[in-house]
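Please treat every number below as a calculation from the coordinates, not as lab data. Keep in mind that what you see is a predicted model, and the values were worked out from it rather than measured. Ideal geometry is used to build each Cβ from the backbone, glycine not excepted, and the neighbour counts take in all protein chains shown.
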Amino acid sequence: MSPLANYAEQFAATATAGGAEGPAWLPALRQRAFDRFHALGFPTTRNEDWHFTSVTPIAERRFKTLKPAPTALTGADVAPFLIDPSWHRLVFVNGQFEPGLSQFAGLPAEVHVSTLAEALRERPEWVQAHLGSLAAFDDAAFTALNTAFVQDGVVVHVPVEETVDTPLHILHVIDAQAQGAAIHPRLLVVADRASAITVVEQFVELGASEHLVNAVAEIVVADGARVAHYKLQREGSAAYHVGTVQATQGRDAAFHSFSFAEGAALSRTNIYTKLHGVNGEARLNGLYLIDGNQHADHQTFVEHIAEACASRELYKGILDGSSHGVFNGKVYVDPEAQKTDGKQTNKALLLSEQARVDTKPQLEIFADDVKCTHGATVGRLDAMPLFYLKSRGISAENAKALLTYAFAAEVLETIEVDTLRLELERAVFARFTHTALE
Amino acid sequence: MLTITNLHASAGDKEILKGISLTINAGEVHAIMGPNGSGKSTLAQVIAGHPGYEVTAGTIEYLGQDLLELEAEERAQAGVFLAFQYPIEIPGVTNAYFLRAAYNEIRKAHGQPELDPIEFLDVMEEKLKVVEMDASMMQRSVNAGFSGGEKKRNEILQMAVLAPKLAVLDETDSGLDIDALRIVAEGVNKLKRPDNATIVVTHYQRLLNYIVPDHVHVLAGGRIIKSGGKELALELEAKGYDWLLEPVGA
């Protein structure tokens, strides 16, 4: 069976077995999305956006939709992944919501947080107005695939001038039950005028399985609102992960995105934002750490549509073994977007001779009064800091480990959630130095 | 303690040290002076094991060992310390972690037990006083965003913690105001013991008002052209270097 025929069969089966549940517009949306996916097919490396990343391994594996099944996982199993147990959290196991492992009752009454399934029952018109409004699938096969097969996810609506103080944690645990499965989680965040929320979306693995996570997040940041979105991809080395985050920003709106990627055999992370209102601020930072035969690809796209917006990007990668990293940072500045202030920095540290990185900054600037810079470096550790540490008695091996951590620390420092920053600093420190950060 | 014999060293194709011979005994302070480009800093860095220089001839014997056979970290573990002219910034690694890592590696090399962070705090408390540094400096990244004076003090703090047998101060006075100079010099003096030695590399005599040398050597063109007592430094201050540099017979 060809890869597309596999998904056609899956789609037909899903549509008859409950896929038709929910409001009437949903099956129609799914059908449009599936038709589009079928027409597009999986992207090939002839597609400019996928030039350095072949998804043939994903297509070949013919992942199947999982049937709903009760999980045996307990609170103790997921406890290690709770960055801060006091946060509101929604826990999904293999894409299925687990109310017993979740806790988000203490949110302000005005703030709506629910699963997508519940939102489709409780406020279908509202969901219809937003779902798919940002994550267009005309040219995005994986987004089309997600939309066609979407099972569940999270819907967040923060009303005008509401601030959610503690981060909202969306934890996706994938376990051995997901062997051969495709999981299509969805996240929709709508932050109304002058509201604020931080969302931590985390993908982890408990027990190895070869599976596909194909996640889509849509984030609306209205005038004066602030949304921070942290995406942590810490899956196992047999996993495949495609994640797309699409944001839109109004006037004076701030969107801060951070992508941490260290798992999966092959991962592709798309972070896109459109600055539609004046004085918007976008900050897209990220860190990827790969080894062995891992492949990690990040594509960012900042569209400056309105005047006087600022965008800042800092992406770093640390590559060991025969791993392959890709960074493609696109910035578009519309003719109307005068006074744009854009800065993009991309740095990769190669720890082995075999590791490879392809980096492609793409600036398309159609306004004349703008300040846009980009810089990319690929290299090894500098000799002078190594000598400095060694001259203090620190062994060459430990000096390298410490400087590798320091390379990562520069971008981790930008994480504004203290517990999360500390969690990642500890993890990265232990990864390279094999000792605990005090 | 240190015997340098006919040392030649190059950076790339350029020979910088052209036959240095120098003997330093425990308890002594030696000043190496000379004009810019004379090779003073190169000599300091070659002693510490800087990878950018190649020793093409000559020997350095340190406490009975062939120093040139040792890696930079082994030299440090054996008690050699270089206070850098331009201390390196390491954003992301705290001063506290860096110092403890260095301290423990040196202890480990001597078969002594490592100190945990709490035990190390006690060591630090005492050493911070030597250079009049605030404990808050320990939580900042190594040299990152430090002023010139703070960086130099941080070098002397490291020296205080690591307690070297042979300390080489490379232009530690450059860029210091008079207060910072006094603090740094007093720190060095407090660390002086009968069983350690200090090499002070400097362009100016100023530092030697505070750290009084037993011997002064003038380096020019990669060679020691004159050695003497502390009065030589005063003479250089008064007359400059030119009188020494005139070719013989001119």
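Across the options A:Ser54, B:Asn104, B:Tyr204, the greatest Cα extent toward the positive end of the charge dipole of the protein assembly as shown (unit charges at beta carbon of Lys, Arg, Asp, Glu) belongs to A:Ser54. Cross-link reach is defined here as a Cα-Cα straight distance under 17 Å, omitting same-chain residues fewer than 8 places apart; for B:Lys127 the aspartates and glutamates meeting it are B:Asp116, B:Glu119, B:Glu150, B:Glu155, B:Glu186. Could you pull out which residues in segment B:76-98 have an amide N less than 19 Å from a spot 7 Å beyond the Cα of B:Leu63, following the Cα-Cβ vector? Those under the cut-off are B:76-83. When the protein assembly as shown is described by a simple charge dipole with +1 on each Lys and Arg Cβ and -1 on each Asp and Glu Cβ, the residue from A:Val417, B:Ser10, A:Phe203 located farthest towards its positive end is B:Ser10. Legend: ranking of residues B:Tyr204, A:Tyr240, A:Tyr288, B:Tyr53 from fewest to most surrounding C-beta atoms inside 10 Å; resulting order B:Tyr204, B:Tyr53, A:Tyr240, A:Tyr288. Scanning chain A for DSSP H helices at least 15 Å long along the axis (C-alpha atoms) with a Kyte-Doolittle mean no lower than 0.5 picks out A:396-412. In a reduced charge model with +1 at each Lys and Arg Cβ and -1 at each Asp and Glu Cβ, segment A:382-438 shows a dipole moment near 340 debye about its Cα centre. Can you give me the Cα centroid spacing of segment A:1-16 and segment A:374-390 in angstrom? If you average the Cα positions of each part, the centres end up 50 Å apart. Shown here for segment A:15-86: trypsin sites (Lys or Arg not before Pro) in loop regions (DSSP other than H, G, I, E, B) with at most 11 other Cβ atoms within 10 Å, namely A:Arg46.
Per-residue shielding of A:425-437, expressed as the average number of other chain Cβ atoms within 10 Å of the residue Cβ, stands at 1. For the residue pairs B:Lys151/B:Lys230; A:Lys347/B:Lys151; B:Lys129/B:Lys192; A:Lys231/A:Lys371; A:Lys316/A:Lys339; A:Lys347/B:Lys152, alpha carbon separations beyond 18 Å are given by B:Lys151/B:Lys230; A:Lys347/B:Lys151; A:Lys231/A:Lys371; A:Lys316/A:Lys339; A:Lys347/B:Lys152. Among B:Met33, B:Met124, B:Met159, the largest mean-square fluctuation in a Gaussian network model of chain B, built with springs joining Cα atoms closer than 10 Å, belongs to B:Met124. Across chain A, C-alpha contacts under 8 Å between residues 6 or more apart give a mean separation that, scaled by the residue count, equals a relative contact order of 9 percent. Once the Cβ-Cβ distance of A:Gln354 and B:Ser227 is raised to the sixth power relative to R0 = 35 Å, the FRET efficiency obtained is 0.05. Between A:Ala261, A:Ala408, A:Ala13, the residue with the greatest mean-square fluctuation in the GNM of chain A (Cα pairs under 10 Å linked by springs) is A:Ala13. Please work out whether chain A counts as rounded, prolate or oblate from its C-alpha gyration tensor, where a ≥ b ≥ c are the square roots of the eigenvalues and a/c under 1.5 means rounded, while otherwise a/b larger than b/c means prolate and anything else oblate? Rounded, since a/c falls under 1.5.
In this Cβ point-charge picture (+1 for Lys and Arg, -1 for Asp and Glu), the protein assembly as shown has a dipole of about 700 debye about its Cα centre.
Would you work out which of B:Leu232, B:Ile20, B:Ala57 lies farthest towards the positive end of the dipole of segment B:2-245? Charges go on Cβ: Lys and Arg +1, Asp and Glu -1. After comparing all options, I get B:Leu232. Around the Cα centre of segment B:2-245, unit charges on the Cβ atoms of Lys, Arg, Asp and Glu (plus for the first two, minus for the last two) sum to a dipole of about 420 debye. Looking at segment A:72-133, the GluC sites (Glu not before Pro) that sit in a DSSP loop and have at most 15 other Cβ atoms within 10 Å of their own Cβ are A:Glu110.
Cβ-to-Cβ counts within 10 Å put B:His30, A:His434, A:His172 in ascending order as A:His434, B:His30, A:His172, the fewest first. Here the protein assembly as shown carries DSSP beta bridges of which approximately 15% are antiparallel, counting only pairs with both residues inside. Counting, for every residue in B:85-98, the Cβ atoms of other protein chains within 10 Å of its Cβ and taking the mean gives 5.
Only alpha carbons enter this Debye calculation for chain B, each as an equal point scatterer, and the log10 of I(q)/I(0) it gives at q = 0.17 Å⁻¹ is -1.37. Considering only alpha-carbon pairs that sit under 8 angstrom and 6 or more positions apart, the relative contact order computed for chain B is 28 percent. Of A:Ser391, A:Ser102, A:Ser237, the residue with the greatest mean-square motion in the GNM of chain A, using alpha carbon springs below 10 Å, is A:Ser391.
Mean sequence separation of contacting Cα pairs (under 8 Å, at least six apart), scaled by the length of segment A:280-332, corresponds to a relative contact order of 53 percent.
Computed from label points 7 Å out along Cα-Cβ, the spacing between B:Glu119 and A:Glu60 is 5.4 nm. Only helical runs count toward this figure. For chain B, summing -39,500 (n - 2.57) over DSSP H runs of n ≥ 4 and dividing by all residues gives -10500 deg cm²/dmol at 222 nm. Classify segment A:1-153 as rounded, prolate or oblate, taking a ≥ b ≥ c as the square roots of the eigenvalues of its Cα gyration tensor: rounded when a/c is under 1.5, otherwise prolate if a/b is larger than b/c and oblate if not. Because a/c hits 1.5 or more and a/b exceeds b/c, segment A:1-153 counts as prolate. Can you tell me the FRET efficiency between A:Ser2 and A:Ala39 if r is taken as the Cβ-Cβ distance and R0 is 22 Å, rounded to the nearest 0.05? So, using R0 = 22 Å, E works out to roughly 0.95. Rounded to the nearest 5, the antiparallel percentage of DSSP beta bridges internal to chain B is 55%.
Neighbour counting of Cβ atoms within 10 Å sorts the residues A:Thr115, B:Thr42, fewest neighbours leading, into A:Thr115, B:Thr42.
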